[in-house]
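Engineer: I'd like to ask you about the structure that follows.
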Amino acid sequence: EKRAALLALGVRAVFNSRSHAEFSQGLLEATDGEGVDVLLNSLGGDAARASLKLLKPFGRFVEIGKRDAYAGAHLSMAHFLRAITFAAAHVDVLMIERPLEARKLFDEVQAALPSLPRLPHTTYPMARLDDALAFMATGKHIGKLLVATRDPVAVGPCLPGLLGPPDDPLALGLRRVLGPATDRRGACVAL
């Protein structure tokens, strides 16, 4: 069903990234064995490392995931003998480090939105946030899951908590600011 939806949007070929062997084989067949010039990646572990082999010489690997970086994963330098470029594209870092550039980029995207094809979406009321998250976790949704915030939802009193990588500078800073309350259950700031 997802494959059909993507093909209906004009995508020329669709491969299953949950099976890296199927993904690699399909991509290489679709490109006559040449690979691609740019690979936008959110996979981690072995799948991410194997994806580097799908780039043409001088190709660009653009990482949007953070799992491997937080885990301190290693990457063989041998991939770079084909003159590929590895870049991380993290919008959160752009917003913090270069807010004016981020604003300009967001304005460009917002201006382009009306001309882009509409993606399918499913809307949940805030009171059913748990259902929305459970559905998203199944990986069966197509398009975007939206949570409408118009309906008031009762929220009980709670103490702040913090989720995030233990060595992340932002998490460490927030822990210092929030103090011991971050060790208790309650509302959380997720990084």
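Engineer: So, taking all protein chains as they sit and a 1.4 Å probe, how much accessible area belongs to Ile96, in Å² rounded to tens?
Structural biologist: 120 Å²
Engineer: Where a ≥ b ≥ c are the square roots of the eigenvalues of the C-alpha gyration tensor, would you call segment 1-46 rounded, which needs a/c under 1.5, or, failing that, prolate if a/b is larger than b/c, or oblate?
Structural biologist: Verdict is oblate for segment 1-46.
Engineer: Let me ask another. Please label the shape of segment 51-101 as rounded, prolate or oblate, based on the square roots a ≥ b ≥ c of the eigenvalues of the alpha-carbon gyration tensor (a/c under 1.5 means rounded; beyond that, a/b larger than b/c means prolate, else oblate).
Structural biologist: Working: a/c = 2.91, a/b = 1.64, b/c = 1.78.
It comes out oblate by the Cα gyration axes.
Engineer: Then there's this: Just check segment 79-144 against the gyration tensor rule for me: Cα atoms, a ≥ b ≥ c as the square roots of the eigenvalues, rounded for a/c under 1.5, and otherwise prolate or oblate depending on whether a/b exceeds b/c.
Structural biologist: prolate
The values are calculated or read from the model by the stated rules, or taken from the named source; none is laboratory data. Remember, it's a predicted structure, so these values are computed and weren't measured experimentally. Please note that ligands, DNA and RNA were not included when accessible areas were found on the heavy atoms of the full protein model with its side chains. Shrake-Rupley method; radii C 1.70, N 1.55, O 1.52, S 1.80 Å.
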